[in-house]
Every structure is written in C-alpha cells, then in structure tokens.
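Working notes for the structure below.
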C-alpha cells in the first residue's frame, strides 16, 4: 500500500478503492449533502421537477435556513417560504431553521464525523474539514447531480501541508494564522488542491479555532482544508451527541512518508494580522496599520463569531466602553453559541461595552441587511472583504481576528489586542 | 465576437452581486461586473468573449456567477486560471472556460476566434491596431466529458438525457 495523505484516504474510501493517486479522476459516493435557503430549495425544486427525479437518500441531506432569515422584504420572504414548503413536502428529516449559520450548525447537530465525504452548497463548506472529513463547496446544478445520483466526480488533489510549530501568543488566533497564509500564498495559492493544517500549534487549537482554519481554506483557493481528528475532535463531537472510539479516528491521518508539499510556520512568532481592502490576500501586520481609524466593528459569520470568538472579544472589552463614533455589532454564528455566551456572561459584558447584538445568521458577511453604512471604514471578523461584498459599494473593509476587531472597537482605530490584554 | 478584457481576481461578488442574488438572472445580469467594467452589462452582445486575468471567479459557490454570463450570451471566458469551484460551476451550466497561459496578449475589443477541441485561440483585429492579428495562442486541453457537457448545454441537460432518453429530441 503506497503512503497516502489524509485527503487520498478519505477519497479512496468514498470511491470504494484501497488507494488513489493525485491526478486521477474518480467518482465518490456522498455521505452528506448540505444546502441552505439560498443555494438549495429555490434552485433544486424546479430542476428536480424538470427531471422528474427524486432525492436519492433524504437521510443524507441537510437543509439550513441561514441566508435570508430573518426575512426583511418580499423577496426574502418568498425564498424562505419556498424552502420551508419544499422541506415539508419532501418530509426532509434534517432541517435547521434560523438556528444559525450552516457551517456551524451542521457539526453542532452531529452530522459531520471523521472519515466522511461531504458536499455543501456554499463555498465555506470546507469548514467540515476541521473534523477530518472531506468536505467542499459546490454550486446548485452540481448539487442537483449529487441529490439525484448520490455521487460526484473529482480529480484527486495533491496535499499542501501547512505545518505550524510553537504556540500562539495570548491574543493571537487561528484567524491570524489564516491571514498570514493567505497573504503569503494568495487567493489561488491552494490551487484547488487539499490543504492540511498540522503541527503542534494546530493540535493545540480547540475545535472552533480549527474550524476557522478549515473555513478560510476557501480563501486560499483550496478545495478542502483538513485537520486530522484527535482527542480534541472526539470530545467536541461527544458534546454534539456523536460517540466515537479511538479506532474511529485512527485511520484518518496522513502517513508519515506521504507525498506532498510542506510549508513551515512558527506560531510563536506570529503577530496579529489584518487584510486591507479589498482582498483577503492584501495582508499586513496590525502593527503596520497603527491608528487607521474605523467606524464599524463587526463580529459575525461562521468564520468569526463562534463561542470562542465571542469569548475573545469579551476578554478584550470586559469593563471598557468602545470608542466614541464606533459601532460594534455582534452576530453570533449560531443560537447555541449565543445561548452559551449569555450563560457565560459574555453578552452582558459586550453589551455593557456598547455592542449591539444581531440575529444568528449570515447577515452582513454576505451583504444582507443594512448594517454597513456607505463610506464607512469597517473591521470585520468575517472571511471576505471584496469591494461591495458586505452590502456597501463604498465601504473600506479590513479583516481581522475577533481579538483585533474588539481592540479596534475599543480604540477607534485598528489596534493590537495584546496591548489591551497586557 | 469582441473581447472584453478584465483584470485578475474578478470575484463572484463582481459577477453576481449579493444585493441582486434574491432576484432572477435578468436582474443579476443588469448588475454583472458593474464594479469592474460598468459598460459591460449594457454593451455585451451574444457571442462576445471575456478575456480575464488569473483567479477568475474566486469567492462564492453561487453558480449565478457563471449562469449570468450564459444568460448574457458570452461564448467563452479565456484566462490563465480560474477558481476551481467556479470552473466546475461553469461547465455545469454550459459556460465554456478556456485556460490560456498567454491570455494577457489579447487586447480589449479584439475580434478573436477559438477552437476548444483543437485547443487554439486565434487573435483578430482590434480597433486601430493590426498587431497580433492571426497570432495563435495555445489552450490547455479540456477533458472530453466537460466539452460534451458544454455542448449539451450543461449538466441538467445531460441528466435529462440520462434519466429520460426517450424524451430527448434528436
């Protein structure tokens, strides 16, 4: 048996082979197909009707309402109604309506396990890779192919290992790691291959931080972003109602001598990073942008508003007030994260600091709602700052970690959270 | 068949802006590329070609970013490289993507010709300039099954053929 990477092993299992090599085109059976109110029912229903076809296995399908909720106009009401009616008519067993963003809700509800082969109708579907599953984003017509046949073709990727040694300093986080990688390799640096995050600094990360890494592998242009599962994974999944034994995790790692390109990084030397307008690859250290004024601080999205992200922000802002002239908005990634944050006193702490809480949905990350005023300078914990992305054609959006966003809200300009935490 | 030249890293928010995504392709089409080439949406003719820099289609999985170009009659996109996700979406909706390492040599406004199966682009005449006319640029080979998909009009058309062969007209 040749040495294989984790990506190769996951694909081999999914296509029923003992081994696969990079470059081969194979057809894989899909264990889970996830879509949301924007990418799912309104697109699939007419196409399925046109084909006279049925969903191959409803138990393997998950629908999440997260883009057009809460409904704000006739169009969003229509889209969400189509989704709810179709879900009822199809008697879909797994529907999560207004519980939060799909990439966070789907693992929370126990749908992702190590070893699975999954697709999602959203480009941040690689988030599932944090659990040692092969998961990537596809468009609606591709999803039609999956839900009617239960299969999808792919070209077996090479693996690019991002090996992080050392330990992150306090106030430095997975988002800073990602920005550093995207800044170095660019938006196409992943070359639609498999990225695997490894090394002691990665294994030291809690699950939510691993999810941030996998999530933004989309911004590296990778097809997937993988983290080999371990005891941290097993414990998190236990909390989500998924019981795994050590042998369930054992196969899912890259062989020591597996072929791949390896890039080495030192987490101990990493300083907070930001991406400048208008690209996630336009990255500089926060220190280089000292005193760039901001008017809006946004903590939201699957990328940057999970419980760990809310804890980070609350640590920075506890006992303080945000600067005059700054708006701080917090849209927790899921209702579960929001409830946990409330129980830990984080919501109180952030509200006392001047934060406004928004619903747990995609919201401003994808330009929904009207949170981002024209002409404003924004620092956001989301994944993309392309021009116009957040709903304002003239806003200047910087991307940063929740620590950085909170510290910037406190100071009124882009700031290093380590100075506040010290 | 004129060329519309675009810079690198044209993302899916440019092709299918978030504010238009709740509407149909006709609305999305009116806002297509307005942040990069404001003259495109109203000026593009059926059969025109987009020549872009590397990284075309990065960003979201929204396939409207590809189907909007089909809707507008764009015959092909020519670029040195694409987002992998966009590449799959494009062929699935019947949009031809040609990978041309030397796409940067083609000028805005040129009248070019291409042969996807032969793997060539032939440069044409652009306003006021004769330079480059007749130059043949090589294209990376495209797997036959993807070309078949575009010829069929996309994956939906192919699935129809597979599931209901008797209903397909000859």
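The values are calculated or read from the model by the stated rules, or taken from the named source; none is laboratory data. What you see is a predicted model; the values in this text were computed from it and never measured. Reconstructed Cβ throughout: ideal geometry from the backbone, glycine too, with neighbour counts over all protein chains shown.
Against the condition away from chain A (no Cβ under 11 Å) and buried (at least 24 other Cβ atoms within 10 Å of the Cβ), how does residue B:69 come out, does it pass? Considered against the rule, which asks whether it is away from chain A (no Cβ under 11 Å) and buried (at least 24 other Cβ atoms within 10 Å of the Cβ), residue B:69 comes out as yes.
Annotation note: of A:159, A:233, the sole residue that is away from chain B (no Cβ under 12 Å) and out of contact with any strand residue (DSSP E or B) (no Cβ under 8 Å at 6 or more places or on another chain) is A:233. If you go through the range B:53-66 and keep only what is crowded, with 24+ Cβ neighbours inside 10 Å and either under 12 Å from the mean Cα position of the chain (by Cα) or more than 8 Å from chain A (Cβ to nearest Cβ) (or both), you end up with B:56, B:57, B:64, B:65, B:66. Screening residue A:59 with (1) part of a helix (DSSP H, G or I); (2) under 17 Å from the mean Cα position of the chain (by Cα); (3) within 20 Å of residue A:151 (Cβ to Cβ) gives one miss only, at (2). Here the range B:18-33 is the region considered, the condition is being more than 11 Å from chain A (Cβ to nearest Cβ) and without any contact (Cβ under 8 Å) to a residue 40 or more places away in the chain, and the residue that is farthest from residue B:5 (Cα to Cα) is B:30.
The numbered conditions (1) modelled with pLDDT of 95 or more; (2) crowded, with 19+ Cβ neighbours inside 10 Å; (3) within 10 Å of chain A (Cβ to nearest Cβ); (4) in contact with a helix residue (DSSP H, G or I) (Cβ under 9 Å, 6 or more places away or on another chain) are all true for residue B:36 except (2). Within the bounds of the range A:206-216, is there any residue that is touching a residue at least 40 places away in the same chain (Cβ under 8 Å) and touching a strand residue (DSSP E or B) at 6+ places or on another chain (Cβ under 7 Å)? Yes; the residues of the range A:206-216 include at least one that is touching a residue at least 40 places away in the same chain (Cβ under 8 Å) and touching a strand residue (DSSP E or B) at 6+ places or on another chain (Cβ under 7 Å).
Listed here are the residues, each with its yes/no results for (1) within 25 Å of residue B:11 (Cα to Cα); (2) at pLDDT 95 or above; (3) part of a strand (DSSP E or B).
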site: A:170; (1), (2), (3): no, yes, no
site: A:176; (1), (2), (3): yes, yes, no
site: A:179; (1), (2), (3): yes, yes, no
site: A:184; (1), (2), (3): yes, yes, no
site: A:197; (1), (2), (3): no, yes, yes
site: A:208; (1), (2), (3): no, yes, no
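Would you check which residues across the range A:349-385 are modelled with pLDDT of 95 or more, buried (at least 24 other Cβ atoms within 10 Å of the Cβ) and assigned to a helix (DSSP H, G or I) and list them? Matches in the range A:349-385: A:350 only. Total residues in the range B:87-106 satisfying the condition of being more than 16 Å from residue B:74 (Cα to Cα) and either at pLDDT below 95 or in contact with a helix residue (DSSP H, G or I) (Cβ under 8 Å, 6 or more places away or on another chain) (or both): the figure is 1. The condition of being away from chain A (no Cβ under 14 Å) and buried (at least 16 other Cβ atoms within 10 Å of the Cβ) holds for only one of B:94, B:154, B:124, B:134, that being B:124. Mind checking which residues of the range A:39-56 are surrounded by 15 or more Cβ atoms within 10 Å (Cβ to Cβ) and either in contact with a strand residue (DSSP E or B) (Cβ under 8 Å, 6 or more places away or on another chain) or part of a helix (DSSP H, G or I) (or both)? A:40, A:41, A:42, A:43, A:44, A:45, A:47, A:48, A:51, A:55 - these are the residues of the range A:39-56 that are surrounded by 15 or more Cβ atoms within 10 Å (Cβ to Cβ) and either in contact with a strand residue (DSSP E or B) (Cβ under 8 Å, 6 or more places away or on another chain) or part of a helix (DSSP H, G or I) (or both). Looking only at residues in the range A:102-156 that are part of a loop (DSSP other than H, G, I, E, B) and within 14 Å of chain B (Cβ to nearest Cβ), the one that is surrounded by the most Cβ atoms within 10 Å (Cβ to Cβ) is A:122.
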